[in-house]
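Asks: To start, I am sharing the structure in question, which I have written as structure tokens.
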Ligand SMILES: C[S@@+](CC[C@H](N)C(=O)[O-])C[C@H]1O[C@@H](n2cnc3c(N)ncnc32)[C@H](O)[C@@H]1O
């Protein structure tokens with residue numbers, strides 16, 4: 001992986017947070033347990049799945065026993081270390097974690113039935129580059145399941161995130177709403193088949209939930 005400025009920008013914050021990431025999520029995202037169930041429902045049993053920007057592996061480890069094989073990648077080595085620790089504790093054998101950049105995935109064209117990217121596209125400087133790679137590694141007609149924090153759903157959320165970012169350097173590079181997120185995914189070679197806003201009453205921010213199919217007539221790259 002080319003260790004350039006962009007990679008450092010995307011990785012730094014998460015490397016530091018990794019040991020406390022699961023506690024951070026438990027506090028701020030009450031929706032996650034039901035979200036993981038929802039993602040499971042949209043993945044076919046026995047399929048081959050890639051989890052892009054896996055973090056500490058919540059999706060990969062949740063779906064592992066239902067699918068054939070999971071590959072899970074993240075740009076932060078500390079996140080991947082935490083994910084692997086949990087995989088060993090749970091004695092799961094069909095997940096392969098590795099440190100990779102979503103902009104350059106080490107998989108052949110058309111490898112996966114489904115790619116999941118949970119809550120990470122807005123944390124990437126150029127999400128369309130990751131989407132182009134996701135499209136390349138998906139089989140024609142394969143599915144992308146993406147969730148994105150819905151910062152652009154209101155002016156209040158946008159302002160809150162600007163202030164939060166100013167004080168914490170939190171890497172939220174994009175403040176998208178549902179339509180903008182769906183449009184970005186459509187323009188990247190997908191047909192959106194499901195789009196909705198989901199929110200737990202105790203969470204501050206909503207989540208954008210999108211399921212999209214890789215258009216069969218799209219070239220791999
Ligand atoms: C908000 S966390 C989400 C983690 C996990 N998907 C979850 O839902 O718990 C965002 C993740 O995106 C990862 N990330 C950011 N840029 C990336 C890139 N270019 N390639 C791979 N992972 C990236 C970060 O390291 C971080 O783990």
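Each reported figure results from applying straightforward, stated rules to the coordinates on display, with no laboratory input. Just so we're clear, the structure is a prediction, and the values are computed from it rather than from any experiment. Glycine gets a Cβ as well: all are built from the backbone with ideal geometry, and neighbour counts include every protein chain shown.
Asks: Sorted by packing (mean other beta-carbon atoms within 10 Å per residue), highest first, where do 47-54, 96-103 land?
Replies: Output ranking for 47-54, 96-103: 47-54, 96-103.
Asks: In addition: Can you give me the C-alpha center-to-center distance between the range 26-80 and the range 160-218, rounded to a whole angstrom?
Replies: A separation of 17 Å, based on Cα centres.
Asks: Over the chain, what is the relative contact order in whole percent, taking alpha-carbon pairs under 8 Å and six or more residues apart?
Replies: Relative contact order, the chain: 19 percent.
Asks: Further, regarding this structure: At 222 nm, what value in deg cm²/dmol follows for the chain if DSSP H runs of at least 4 each add -39500 (n - 2.57) and the sum is divided by all its residues, to the nearest 500?
Replies: Theoretical 222 nm ellipticity from helices: -11500 deg cm²/dmol.
Asks: Okay, moving on. Based on the Cβ-Cβ distance from residue 200 to residue 139, what FRET efficiency comes out when R0 is 30 Å, to the nearest 0.05?
Replies: The formula returns an efficiency of 0.35 here.
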